Structures are given as structure tokens and as C-alpha cells.
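Visitor: Mind having a look at this structure? Questions to follow.
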Amino acid sequence: MRRFAWSPARNTPMTGSARFVPWVPQTLLSQRESTSSMAGPLHIPVIRRGKVYRSLDVSPLVDPRDGSLVAEISIANTDLIERDARVFHSNQTNPYRLEIEECQAIAHGAADAFLEGELELYPDGPVHGPQEYRDHLCCTTGLTQAHVHTQSERLANAIRTVTESIQQQAGGAVRKQVASGLAVILPNNAPGVNGLWLPALGLGVPVAIKPGHSDPWTPLRILSAWRSAGLSDGLMSYYPSTHAGVNMLLNSWPRGLLFGDGATVQPYRSRPDVDVRGPGRSKLIFGSDTISNWSDHMDLMVSSVLYNGGRSCICASTIVVPSHGEAIAQALAERLVEVGPSDGETLAACVEPGLAKRLNQYVDEAVRNDGVTDCSSELRGSPRWVVHDGLEYLLPTVVLCRDTSQSIAQTELPFPLVSVVEVAPDQIVDWLEPGLVATVVSDDANFVAGLRQSGKISTMHQGPIPTTEIRWDSPPEGNLVDHLCSQTGS
């Protein structure tokens, strides 16, 4: 079976850079069936180094609105994962290593294919176009079309610039050794997180992807895009699995990349072969020198809280200030109270059964404690937990924490929940829990240096930069090259 090809648009003037558009031979189109025209649910298989495997053990993926079956997902058991890893890694040489120039050409084609291509859902599978991808992703994750559009653009840019990212991360060093494989354990919260494992493909490192249950679509489309652009099937494996399968992948592959909440990642934190990402606990931190101008930064706060429906680990879940906490919390609550599911763009639905109820109960219990106030409840005039068009939502909630010891002060939840906390500048470092991102709005060199040297912030922005600003060349987004390579020289 021929693969989908990419070709310069016919009859397009070749002035400037060529514009690439998806092109599929008409004979091939007539032989292949689009997922939109197929009767019944899709089947999503295991992929073993480019070879499709259909398991007898399947997991249903349903439309949360009515419970109808969207797809059946083959589940890879631990014996299969272990056997594949043993056979694959018995070969000590990696035949898939890429030179930077070769990778760059493939990456540019893959980026265009990801955004616009009529791609195979899996090798020799049905056609899955860009709109079908977006529709399926919205259906099973609760994200809006606006969320998916933004995340897709970011992913395509990450694919297109992966070689530049690798070179920046390597800092000009010569790669002496590259890992022979990477197991990637993905979450459900945001498709954009898939951009973080792309340097592995750019280095020619084989990957074994365990997708999040509600988003099997994004990693599949990324693999199909790279395949259509010429990357070897031997680099790509895809193992939907259980928690036991996650453990087997991380134990049987040379390196691991693990996303998850505190309970998920804790058993692996001490393992040097596993790069742990999560939980986020990302923060906006104001210094004493800038807090008097806090109202100038309301847009910064709103965008950092609401990005991707508040579900990303890089969304601000805590705003730390030396003073003016009550005024800031009230003003932010007034801005966020305007946000609801009816606009169809900002909030993401909770699709996991029972999740919205559990999260709502947690917040209700937290705000009953002394020193904790829900600043949004009176402004809303409605419950936090609502149903709209058959989907459950949690409305944005701003909490003022006068008691800094309350757990909700540094809690990350998958909806727009943000706590405003007053902490004296000389006590912030001791009070902080480790987090992925912090934006520090301050020009106080000593204050900024103390936070940077604390070891509690993976990525720190200085100045009015949203916590959601993506930089693929610095942690947490960009340290995968260090994880995969040992380097020498400069």
C-alpha cells in the first residue's frame, strides 16, 4: 500500500518559498475510506514498530454527551510490551540515527502534514483528515475547536522547528551517545504536551507512545505525519495500555518521559532514567517593587489562568503577592465571572465520568476552612458545577487564601481554579512547593536570583510573560535532549 504523499501545489507560482498542500493520488483516494464515511466505531490498534496489531482486549472510547461508542482501542498487555522491548533492544546499534539536515527536511513536511494532511489514521488504516482529527479530539476530550486550533498550531511549529530546538538544547556540544529508545507516557489534559517528546524523533531515537485514554488522536496523527514525510516506521511504536503497561514500558525501555499528577509521578522521581513532568503548580509571583501596579497586569493574570480551558500544567494555579491580595482576588473574579460554556471557546468540558463532581466537592470543602474565601461564588449567581449541551463544566473560581498553609493555596486542578496568596518576599522560597513554571514580575535582582536559585522552579520567566509562554529550548519543555544524550565538548 502506498503512503500518502506531499507535493508542491501544482500551478502555484514558485516565488519565495514553495507552498505545500496535501496531495493524494486519485486512484488511492478511490481505494481508501475516510473515517467520516465508515459505518460503526473506529478501531485504534497497537502499533509495533510500524506494524499494526489488533488486540482481543479493547477499551471503549465514548462520546460523553450520550455515551455512544466513538472508537474501540486495542490494549497492549505487559507480556507484549516486554517481549517487543526485549527483541528491539537486543540490537545494540540504532539504524535510525538522523543527521540534522535530513531531519530538518522531514520535519518541515511533517509539520505541514500534521496541520493539513489527509493522513492514514494508522499504517494502512482509514483516511483521517484534519477536520476529522479536530472533531474527534473535541468530542472525546471536551476541548473546544478554538483550543484545538491553538494547540495544533503550536504543535506544528514544534515539529517544524524541532532541529533548531535540538541544536539550542545541545548548546553546540557534540553528541557522544544517544539513548536507544524512549517510552512516553502521555496525559489527557492537552494535545500540546505532545510537542515535548518530538526531539526524540529528531534525534532518530525510537519512541514507544502510551497515549492518554481520551486523546489517542494527537500522537497517532503526529506519527502519521512524520511517516508521510519519510521517517522510518521502525522508530514508531504506539501502546495503549493500563497502569501495569505504563510500569512495564518505563521498566523495559532505556529512557522514559512521564506526565502525571503527584501520585502518578512520585514512584519515579528518584529514577534518573525517567524524566518526570508534573504536577504543574505554575505560579505568577509579584515582587514588592511591582505590586502597586498590579492592575496593569490583569490581562497577564487572565490569560495565564484561562489558557487551554485552565487544564494545562503551565496554567497559573497560584498568584503570589506581598500585599493587595484581597483587591487582586476580587478584581480577577470579576473578570473571570464573564466566562462560561455558552461562548463555545474558553472553557473545556469535564469528560471523565464523575470528575466534575469530585473536583467541585474538593473546592467546596476547601473554601469552608478558616482563612479561605471563594471570591467567585457570589458574583456567579449560579453553581460552580454546571451542565451545558449535555456536557459538565466547572466555572472559573478565584480563591483568596489568607492562611498560606491551606492545601488549596498551591493546588492544581484541571479547570480554571486560581488561588491568590499573600506571602512576604523573604518567606516565598521556603513556602513554595516545586512547580513547572513561574512568571516573576519584579526587577529586584536579589529577589529574582533567590527564586531562580531555589531549585523549586523548572522554568522561570522574568517580566510580564504569561506562564503559558512556550519555549522549546528550556525546561520544562526543552530538557529532553539532555535526558537522551550524554555530551562532550562545547
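The values are calculated or read from the model by the stated rules, or taken from the named source; none is laboratory data. Because the structure is a prediction, the values reported are computed rather than measured. Positions of Cβ are backbone-derived with ideal geometry, glycine not excepted, and every protein chain shown enters the neighbour counts.
Visitor: Which residue, of 221, 281, is buried (at least 19 other Cβ atoms within 10 Å of the Cβ) and on the phi > 0 side of the Ramachandran plot?
Guide: Sole residue among the options that is buried (at least 19 other Cβ atoms within 10 Å of the Cβ) and on the phi > 0 side of the Ramachandran plot: 281.
Visitor: Output the qualifying pairs, or none if there are none: Cβ atoms under 8 angstrom, residues six or more apart or on different chains, first residue in the stretch 171-184 and over 11 Å from residue 254 (Cβ atoms), second residue at pLDDT 55 or above and of a type in the set (Phe, Trp, Tyr).
Guide: The qualifying pairs are 184/197.
Visitor: Which of the residues spanning the stretch 363-373 are in contact (Cβ under 8 Å) with a residue 12 or more places away in the chain, over 21 Å from residue 348 (Cβ atoms) and not in a loop (DSSP other than H, G, I, E, B)?
Guide: Selection gives 366, 372, 373.
Visitor: Could you list all residues from the stretch 70-84 that are of a type in the set (A, V, I, L, M) and closer than 24 Å to residue 254 by Cβ?
Guide: Looking only at the stretch 70-84, we keep the residues that are of a type in the set (A, V, I, L, M), and these are 70-71, 73, 75-76, 80-81.
Once the filter is applied, which keeps residues that are of a type in the set (A, V, I, L, M) and closer than 24 Å to residue 254 by Cβ, the stretch 70-84 yields 75, 76, 80, 81.
Visitor: Tally up the residues in the stretch 376-409 that are in a loop (DSSP other than H, G, I, E, B) and either at negative phi or at pLDDT 95 or above (or both), please.
Guide: Restricting attention to the stretch 376-409, the residues satisfying the condition of being in a loop (DSSP other than H, G, I, E, B) are 376, 381-384, 389-390, 395-396, 402-406.
When the remaining residues are screened for being either at negative phi or at pLDDT 95 or above (or both), the result is 376, 382-384, 395-396, 402-406.
Matching residues across the stretch 376-409 total 11.
Visitor: I'm checking my understanding of the structure. Among residues of the stretch 185-195 that are touching a residue at least 40 places away in the same chain (Cβ under 8 Å) and out of contact with any strand residue (DSSP E or B) (no Cβ under 7 Å at 6 or more places or on another chain), which one is farthest from residue 140 (Cα to Cα)?
Guide: So the first thing to find is which residues in the stretch 185-195 are touching a residue at least 40 places away in the same chain (Cβ under 8 Å), and the list is 185-193, 195.
Filter again for out of contact with any strand residue (DSSP E or B) (no Cβ under 7 Å at 6 or more places or on another chain), leaving 189-190, 192, 195.
Details: 189: 11, 190: 12, 192: 16, 195: 20 Å.
For the stretch 185-195, the residue satisfying everything is 195.
Visitor: State whether the residues of the stretch 324-342 include one that is on the phi < 0 side of the Ramachandran plot, modelled with pLDDT under 95 and either in a helix (DSSP H, G or I) or assigned by TED's automatic domain parsing to the domain that holds residue 145 (or both).
Guide: yes
Visitor: I'd like to verify a number: residues in the stretch 222-241 that are within 18 Å of residue 253 (Cβ to Cβ), in a helix (DSSP H, G or I) and not acidic (Asp, Glu), how many?
Guide: The total comes to 3.
Visitor: Related question: Could you list, ordered by first residue, the pairs with Cβ atoms under 7 Å in which the first is in the stretch 61-89 and within 17 Å of residue 351 (Cβ to Cβ) and the second is among the charged types (D, E, K, R) and not in a strand (DSSP E or B), at least 6 apart or interchain?
Guide: 70/63
Visitor: Could you go through the stretch 250-269 and let me know if any residue there is closer than 20 Å to residue 80 by Cα and touching a Ser or Thr at 6+ places or on another chain (Cβ under 7 Å).
Guide: yes
Visitor: Of these, 72, 118, 101, which one is modelled with pLDDT under 90 and either acidic (Asp, Glu) or in contact with a Cys (Cβ under 6 Å, 6 or more places away or on another chain) (or both)?
Guide: Unique residue meeting the criteria: 101.
Visitor: Would you check if there is a residue in the stretch 414-435 being without any contact (Cβ under 8 Å) to a residue 60 or more places away in the chain and closer than 23 Å to residue 187 by Cβ?
Guide: The answer is no; no qualifying residue exists.
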